[in-house]
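Notes follow once the structure below has been shown.
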Amino acid sequence: MLALLELLQTGGTHTVRTLAARLGVDERTLRRYARHLTDLGIPIESRRGRYGGYRLAPGYKLPPLMLTDDEAVAVVLGLVAGRRGGLGTATAEAADSASAKVRRVLPHALGRRLDALLSTAGFTVPEWSAQPPGTGVLLVLADAARRRQPVLITYTSWRGGSTERRVEPYGLVFHSARWYLTGADSLRGGVRTFRLDRVAVAAPVPGTFEVPAGFDPIAQVLSGLADVPYPHEVSVLLHMAIADVRAKLPATVATLTETDGGVRLLLRANTLAWAAAVLAWLGCTFEIERPDELRTEVARLADQLSACARH
């Protein structure tokens, strides 16, 4: 929408086809952007006919963007942090370009000090390199979730197969440098979780829906990630308070259920050696329910630790 506004500010009437081509979107999306700008109070005039299109009302100019020093620093550092954390929805070049535009209009003294900060700052958290979703896809899904409107998406699974799904978007979640969509999936039935970087196309379709009462998109996504298939599935009864277990194991790693004898831990692991190390790290007594091979790994780890203690 901002890019559309920037084009319209060059003056004159621009055809829908020309604007859509410049922005790399279809004409339907272009018209939706124009409606959103009108809803924001920007006087965009539309003209019908062969030479019709859109233009800004004559004499209209956006007021200059005025930022305090604190606000300018917050914007630039926010762009840097968003890029490093994988929060961006576009390429790293787009984030760098936006940061450069802000810094170019800063007062010289503030710009020089901000450049000094960025050139000398170090980060202990590694930079994420996850593939961001398309901005258009993210905005379409967010708008549909707010309006309670179903969407049709083209989705590529981790196996590489592409399918078309009708989804009722309940919410969007950002976790570990990835965007996720959770909602009712007509193809598979029930609530499903989709990675947005695997959504090629998203378009609203007629209809409406209601989100189930008490539905928590974050909890749904985290539990869905914990259910991803792994080579080994472990079930262990822990003699430990569930709050203490949860403080050590996030919802994406394990599923916990309170029982009369303690807490049942369902853990998915690439190796049983890793699962044995997790149990040792929890520091409580436990009973292995399955698989039996885990007992061998726990005993091997115990022997290894005992040998280290004797040296």
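Of note:
- Order of His175, His14 - criterion: other Cβ atoms within 10 Å of each residue's Cβ, fewest first: His175, His14
- Computed over the chain, the alpha-carbon pair-distance distribution with 20 angstrom bins reads 23, 45, 25, 6, 0, each value a whole percent.
- The charge dipole of the range 135-209, taken about its Cα centre with unit charges on the Cβ of Lys, Arg, Asp and Glu (plus for the first two, minus for the last two), comes to roughly 120 debye.
- At R0 = 41 Å, FRET efficiency that the Cβ-Cβ distance of Ala307 and Glu127 yields, to 0.05: 0.55
- Model label zone, Thr208; criterion: amide N under 12 Å from point 7 Å along Cα-to-beta-carbon; scope the range 110-149: 147-149
- Expected 222 nm ellipticity per residue - DSSP helices of 4 or more, -39500 (n - 2.57), all of the chain, to 500: -13000 deg cm²/dmol
- Sites Ala251 and Arg48 - FRET efficiency at Förster radius 35 Å, r taken between beta-carbons, to 0.05: 0.05
- Remark: the Cα gyration tensor places the range 70-120 in the prolate category, a/c being 1.5 or greater and a/b exceeding b/c.
- Of all complete DSSP H helices in the chain, those with a Cα span along the helix axis of 20 Å or greater and a mean Kyte-Doolittle hydropathy of 0.5 or more are 69-84.
- Mean projected area of the Cα convex hull of the range 232-310, taken over all directions, amounts to 5.1 nm².
We did not get these values from a lab; they are worked out from the coordinates using the rules stated. Bear in mind the structure is a predicted one, so any value in this text is a computation, not a measurement. Because the Cβ atoms are built from the backbone with ideal geometry, glycine has one as well, and the counts that use them run over all protein chains shown.
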